[in-house]
Amino acid sequence: MLEELKILNGELSINFDPLNSKYTVFLNENENKLDIEYKLKSDTNVTIEGNYNLADGSIVIISVTDGKKTIDYYFNVYISKTEEVNKSIVNGTLLEVDSKKEISEYAGPGIACSCFLLILFLFAFLFHKRKAK
């Protein structure tokens, strides 16, 4: 079967694993097909479908057959615009993050201190012993 796979003109969202069948590929806007380099086990055949005139959201399917079993690998293609955008994948969904919105470097310690003080006052209130008259 398929042992290795590289996309030469794009970026895979995760490293190739022969047991994983779904991937996301990021291409530059001037690309219209995937340049794929792969290594096969002996006695296997490969067919590639949909790898032409790619647009944002296109799917390229690589089918690998050894005569007994066929495995299909799906590559969801996203075309990057000239403006650089931070990308992350969560449960197979592409998220674009606006990197201009930043959190102050003091936000984390401020929240931690506020929580600590709240817990301290809560314990003081709950465990305060009242003097008997």
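Readers should treat all values here as calculations from the given coordinates under stated rules, not as data from a laboratory. This is a predicted model, so every value here is computed, not measured. Neighbour counts are summed over all protein chains in view; Cβ atoms, including those assigned to glycine, are modelled from backbone coordinates with ideal geometry.
With r defined as the distance between the Cβ atoms of Y106 and N15 and R0 fixed at 41 Å, what FRET efficiency is calculated, to the nearest 0.05?
Values: r = 36 Å, r/R0 = 0.89.
Between Y106 and N15 the formula returns 0.65.
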Simple spin-label estimate for S42/K22, 7 Å along Cα→Cβ, in nm, reads 3.6
Under the Karplus relation with 6.51, -1.76 and 1.60 and θ = phi - 60°, whole-Hz ³J(HN,Hα) for the range 12-23, x at Gly and Pro, equal 6, 5, 9, 5, 5, 9, x, 8, 9, 10, 10, 9
